[in-house]
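What follows is a single structure, written as structure tokens, with notes after it.
Read-outs throughout are calculated quantities, based only on the coordinates presented, and are distinct from any laboratory measurement. Remember, predicted model here, so these are calculated numbers, not experimental data.
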Amino acid sequence: MARTFYAEGRQLAYILRGIFIIGGLALYYYTGLNQYWWLFFVILIGGVIAADMLGALWTRKRRKEKASSGRRMKR
């Protein structure tokens, strides 16, 4: 596992990026969307952006949990 919350969030983002891109491409090719070539790029870019956002949210959540658990232990 990663040593820092940032590295952990990046690993999660990489995994989600792969899942979102594969899922998006499957959606693109197995539906009627492949008639529109520009939608291919929208799906790819959207998958990357969504994965990075989820990775950042995961990092923020983990840092907040760590900060709140540290405060409880100090009391």
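Between the Cα long axis of helix 37-74 and the first principal axis of the chain there is an angle of about 10°, rounded to the nearest 10. Enter the angle in degrees (range 0 to 90, nearest 10) between the Cα long axis of helix 5-30 and the first principal axis of the Cα atoms of the chain, meaning the one along which they spread out most. Compared with the principal axis, the helix lies near 20 degrees. Hydrodynamic estimate: the Kirkwood radius of the chain over Cα pairs, inserted into Stokes-Einstein at 10 °C and 1.306 mPa s, corresponds to D of 113 µm²/s.
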